[in-house]
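Notes for the one structure printed next.
FYI, it's all coordinate maths here, none of it is from the lab. Everything quoted here is computed from the prediction, not taken from an experiment. Backbone-built Cβ (ideal geometry, glycine too); neighbour counts: all protein chains shown.
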Amino acid sequence: MPIRYESYQPNHLAGMAWLDNFQRTRRTLAYKGCDDTTRRVIRGMPLHEVTLTEPVGSRPDESGNMLIHGECIATCAYLKSRNVKVDLVYIDPPFASGANYAKKIRLRSAALQNVQIEGEAEPDMEEQMYSDIWTKESYLNWMYENLMAIKTVMSETATIYVHLDWHIGHYVKILLDEVFGEQNFKNEVVWYYYNKMPDKRKPIFTRSHDVIYVYSKSSANDSLFHLLTEKRDTAIKQLVRKKVGKKMINARDEDGNVLYRETDERIIDDVWRIPMLQPADTVEPVDYATQKPEALLERIIRASSDEGMVVADFFGGSGTTAVVAQRLGRHFITCDINTNSIQTTRDRLVAAGASFQRMMVRDGVSLFRNPVQTQERLPAMIGMFQDATLPSVWSGCIINSRGKQPVYLPSLTQYERVLDPTTMSTLIFDGMMDLPEDVRNVIIYYVDVEDWDAINDLIGRRPDPRISVELRDLKQLLDEYVFEDDADFSSPAQVPMAGKPMFHVWQVTLHSFHSDRVCRMLDAFNQKRYAQALKRAEREGSALQYSPVTMSESQLEAIEWVSLDCTEAAPSAPWHSDAEVKIEPDCTVRIGGGEKNRMLWDGIIQTLDDRCPLRMRIRNICGDETTYIFNP
């Protein structure tokens, strides 16, 4: 349950009454579920417990920088409870693209990189991160609540940049007019990524731009903005010089007269010609599907903030916003619901030398690495089967000594996870009306409950009192499932420092590692490769050419990151990374998040700290982290 609900400020109707033609309270901006959304906005943002999981850097608590593992609304509730205001917001939310996004998984070995089947596209090892499949109504309801939450924590002079594309952007523009007001619209920026490869298979013009809607919190004229310039394109520069001589058209004065100045710069307008990241790029990419280039965020941050201000990204993704804000001397607050996002952002910030607090929203949503994976595992974990004979409100049923028991599972991949009276009424009065005669019990799982008195009242008024209703807390169920990896390692020992035998360092050596999840993923990968090779052999009438990708006996190549904590020994204490090694796909390492070391990793991690390591944490290539406590 939430600790309490934080109100949307300045009040829950703020922003709704700006438009005469679109007004939620007058029902002219009406679509399925909008009444429920308005009710939740009136209720407020759920404030959950937020705990510190890792302080990073020299003065993380004084920096004001936060990396929060949690959803946008929960994060905004936490910020509001602490009176934190942000000066600039950039969000790159899901685009309602109808696609599932996954992180590519690579063994820390050259073996996988060299696997090829001639003439065929090689399948990837992937870990699903999030689903971007929505109904239009559910997406707009979800986005409306997020925008209202974000507005609550924006300062009066703050600006928000909302990054979308052709899928849903035109609908969200109406929501932005409603939440922030038409008069606070500033720009519709077109990001033109000219280096996108055309898709000749589709009979359409190549889609090579996104849109970024820019709004201010209060008055568009009072919000902070810096006019930016850039070097002129060589071809344009030569064309202008040919027409007007050596002088360049650069601006107009207060009377509208053209000013001619000899300059190689131009004022940046609302069409930004910035290349998108490509797989062949070697500087920025971090194998994150939706990663945006740093040049894009640098332009936004320079235009709408000053040094020392707070820049926020509530759909943090690969962490580009936070990394660029850190480099430009701003404070940052970033959050995401996906563990892979938090890990990627954390590692990038460590490499950038940032100080920040890594935190976790205890809202019951981040049950595994992300809601998508949690939702997929639930049926098997509770022994649930699909049953087409049940009303559609039920997710399936459990069959045991008590007979057939219909089960309701909340959706963890959409915006609503609270068991409220509306949902309960549907289950009681619709879902229980046409159940088979042999059903005597139904099971309803929940993450949070909005109103216990109302829920119990509805249960008491159920149409068939012979059927009992059992409520189960989904968080308690998942707390019982712990997935940990096995590792064989030496106890911490002091050894002479390389090149300085008079000095000693603490060292831990990993001998072997085993992860069931990685092994299952590798098996699935090999099955795909085998099917691909078999299909090719049948098509060409040739011999089957296939050899599985295998790991070494030690399986150390399944490790992505290792860290030692010399500060805390308690299992539940925040993590202190007093020494860490990030293993790259080619087995080279980054020690302490610094520069890449060309030496291959040998399973050894050392700390220069004069304190003995107390705990070790290992992250496998799928993103699972397991903590080991050293025996004293």
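Listed values, structure above:
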quantity: Calculated Rg and Dmax of the stretch 371-479 using C-alpha coordinates, Å; calculated: 13.3, 36
quantity: Cα-Cα over 31 Å, subset of Lys136/Lys528; Lys104/Lys202; Lys103/Lys186; Lys404/Lys528; calculated: Lys136/Lys528; Lys103/Lys186; Lys404/Lys528
quantity: Residue order, fewest to most surrounding Cβ atoms within 10 angstrom, among Met154, Met616; calculated: Met616, Met154
quantity: In the stretch 449-555, the chymotrypsin sites (Phe, Trp or Tyr not before Pro) that fall in loop regions by DSSP, at most 13 other Cβ within 10 Å; calculated: Tyr481, Phe483
quantity: Listed residue (Phe314, Val361, Phe332) projecting farthest to the positive dipole end of the stretch 265-384, Cβ model; calculated: Val361
quantity: Separation of the Val271 and Arg39 label points, Cα + 7 Å toward Cβ, nm; calculated: 4.8 nm
quantity: Relative contact order of the stretch 486-629, pairs being alpha-carbon contacts under 8 Å that are 6 or more residues apart, as %; calculated: 24 percent
quantity: Three-way shape label, the stretch 486-629, alpha-carbon gyration tensor, a/c 1.5; calculated: prolate
quantity: Ranked list, fewest to most other Cβ atoms within 10 Å of each Cβ, for Thr588, Thr37; calculated: Thr588, Thr37
quantity: FRET E, pair Glu470, Ala543, Förster distance 51 Å, beta-carbon r, rounded to 0.05; calculated: 0.30
quantity: Those trypsin sites (Lys or Arg not before Pro) in the stretch 263-330 that DSSP places in a loop and that have at most 11 other beta carbons within 10 Å; calculated: none
quantity: Per-residue Cβ neighbour rank within 10 angstrom, fewest leading, Cys335, Cys587; calculated: Cys587, Cys335
quantity: Subset of Lys85/Lys196; Lys196/Lys217; Lys292/Lys582 violating a 29 Å alpha-carbon distance limit; calculated: Lys85/Lys196; Lys196/Lys217
quantity: Cα gyration tensor category, rounded, prolate or oblate, for the stretch 468-529 with a/c compared to 1.5; calculated: oblate
quantity: The stretch 154-211 - charge dipole about Cα centre, Lys and Arg +1 at Cβ, Asp and Glu -1, debye rounded to 20; calculated: 560 debye
